[in-house]
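Have a look at the structure below before the remarks.
Every number in this text was worked out from the coordinates using simple rules, so none of it is lab data. As the structure is a computational prediction, the values presented were derived from the model and not from experiment. Backbone-built Cβ (ideal geometry, glycine too); neighbour counts: all protein chains shown.
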Amino acid sequence: MRIVPRRSVGRVGLLVLGTLLVSVPALAKRNDVVIMKNGDRLTGEVKKLESGLLYIDMPYVSGSIGLDWSQVAKVESTASFQVVLSDGRRMSGTFEKESAPEQPREDVSVRNNNAEIRTSSDQVVKLESVKESFWRQLKGSIDFGYDFTSGNNQTALSSDASATYTATMWAANVSYNASFSGQSGGSQTNLLDFQGVGERFLNKNSFLLGLSDFLHSSQQDLNLRTTLGGGYGRYWVRTNQNVLRWIAGTVYTHEDFVGHPSDENIEGLLGLQYQLFHFDRYNLQSQLLVYPGLSDYGRIRTTTKNTFTVKLVNNFHTELSFWDNFDSRPPVTSKRNELGISSSLGWTF
């Protein structure tokens with residue numbers, strides 16, 4: 001048996017203790033304080049304000065708790081947040097909400113190295129804690145749907161995925177949509193759509209937008225339609241219950257239909273985007289994009305997608321979607337539009 005000198009054991013113990021002392025601060029969580037109007041006091045990490053709910057993680061509760069923002073009296077936190085106000089202002093810094101008797105009209109303050117901004121809590125529509133890395137700042141969802149009818153052996157499969165990164169002055173989003181349907185001994189159809197959007201926020205409610213879209217639709221005999229362009233947009237409504245905005249611009253399209261030579265066009269871009277939400281229980285998203293022909297005058301294309309989402313347990317949700325792609329002047333042998341309805345189960349991250 002080998003005997004280890006007591007001095008060596010002491011050194012090893014000091015080394016382990018030192019490692020633990022260094023590691024503990026990195027693992028330690030914040031002790032933000034939230035006080036409700038009825039006097040309840042909660043301690044944990046304030047994560048975000050979204051859809052009228054203030055989310056807080058507490059060490060003795062699994063997952064985040066959503067608190068009605070209108071019932072929150074006070075928030076104390078040392079963390080840095082990205083803040084969006086209803087008038088379109090965006091800023092980052094430490095966030096604090098004081099009780100109404102102390103500050104009846106300007107109960108919220110946002111501080112950074114340059115200045116301090118004070119406003120009322122009902123003007124705050126979004127609050128997001130700043131993450132340490134790019135990947136932790138990403139938000140998105142993944143959805144899958146499957147339907148089978150035994151009478152005619154018809155099968156339908158759909159999948160959607162999206163990811164969004166939001167900074168103080170810009171945001172980027174990528175999304176993917178796929179749909180496959182067919183039946184034994186019959187025809188089969190498929191749709192693939194990949195879209196990327198970048199936004200640069202201007203003063204208050206205005207923004208610049210860049211758009212790229214790649215669409216394949218077997219039902220419309222479309223091998224690939226590439227759409228690249230951008231424009232200017234503005235928010236009409238932005239509250240804790242709904243968001244409405246419009247966009248206008250121009251795009252370049254390159255189309256390749258089955259049995260036809262490829263074609264290039266310049267088109268206008270007009271769009272409306274609407275979002276309705278009630279806390280985190282349900283969410284309705286609706287988008288309509290209209291592309292009037294400029295180089296191919298008289299032709300009009302439209303794309304629309306409407307999605308109704310209901311929250312389930314944890315980060316799961318169920319979704320019902322309707323989409324339609326319309327072309328007023330397709331090739332003679334191609335269909336004017338393709339529409340579909342799908343239901344799916346998804347997970348939000």
How far apart, in nanometres, would the label points at Met58 and Arg299 be if each is projected 7 angstrom from Cα along the Cα-to-Cβ direction? 6.0 nm
Which of Gly233, Gly44, Gly298 fluctuates most in a GNM of the chain (C-alpha springs under 10 Å)? That residue is Gly298
On a full-extension model of 0.36 nm per residue, what is the gain between Glu96 and Asp122, subtracting their alpha-carbon distance, rounded to one decimal in nm? 8.0 nm
Global size of the stretch 51-92 as Cα Rg and Dmax, reported in angstrom: 12.3, 37
Note, Ile300: beta-carbon cut-off 15 Å, +1 each Lys/Arg, -1 each Asp/Glu, net 0
For the chain, what's the relative contact order in percent, using C-alpha pairs closer than 8 Å and at least 6 residues apart? 10 percent
From the P(r) of the stretch 32-130, could you give the percentage of C-alpha pairs in the tail past 16 Å? 52 percent
Where is the GNM fluctuation largest for the chain (alpha-carbon springs, 10 angstrom cutoff): Leu289, Leu138, Leu127? Leu138
Violations at 29 Å Cα threshold for listed pairs Lys97/Lys305; Lys139/Lys335; Lys126/Lys311; Lys37/Lys139; Lys47/Lys204; Lys37/Lys305 -> Lys97/Lys305; Lys139/Lys335; Lys37/Lys139; Lys37/Lys305
Total formal charge among the other residues, if their Cβ is under 9 angstrom from that of Gly233, Lys/Arg +1 and Asp/Glu -1: +1
Looking only at Cα atoms, what is the convex hull volume of the chain per residue, in Å³? 242 Å³
Environment charge of Tyr252, counting only residues whose C-beta is closer than 14 Å and scoring Lys/Arg +1, Asp/Glu -1: -4
Per-residue [θ]222 nm for the chain (sum of -39500 (n - 2.57) over DSSP H runs n ≥ 4, rounded to 500): -2500 deg cm²/dmol
Do you know the relative contact order of the stretch 258-313, to the nearest whole percent, from alpha carbon pairs under 8 angstrom that are 6+ apart? 33 percent
Model label zone, Gln137; criterion: amide N under 16 Å from point 7 Å along Cα-to-beta-carbon; scope the stretch 78-93: 80-84, 90-93
GNM top mover of Ser62, Ser109, Ser158 - the chain, alpha-carbon springs below 10 Å: Ser62
How tilted is helix 6-27 with respect to the longest principal axis of the chain? Cα atoms for both, answer in degrees (0 to 90, nearest 10). 50 degrees
So for the pair Ser212, Thr226, with labels modelled 7 Å out along Cα→Cβ, what separation do we get in nm? 1.0 nm
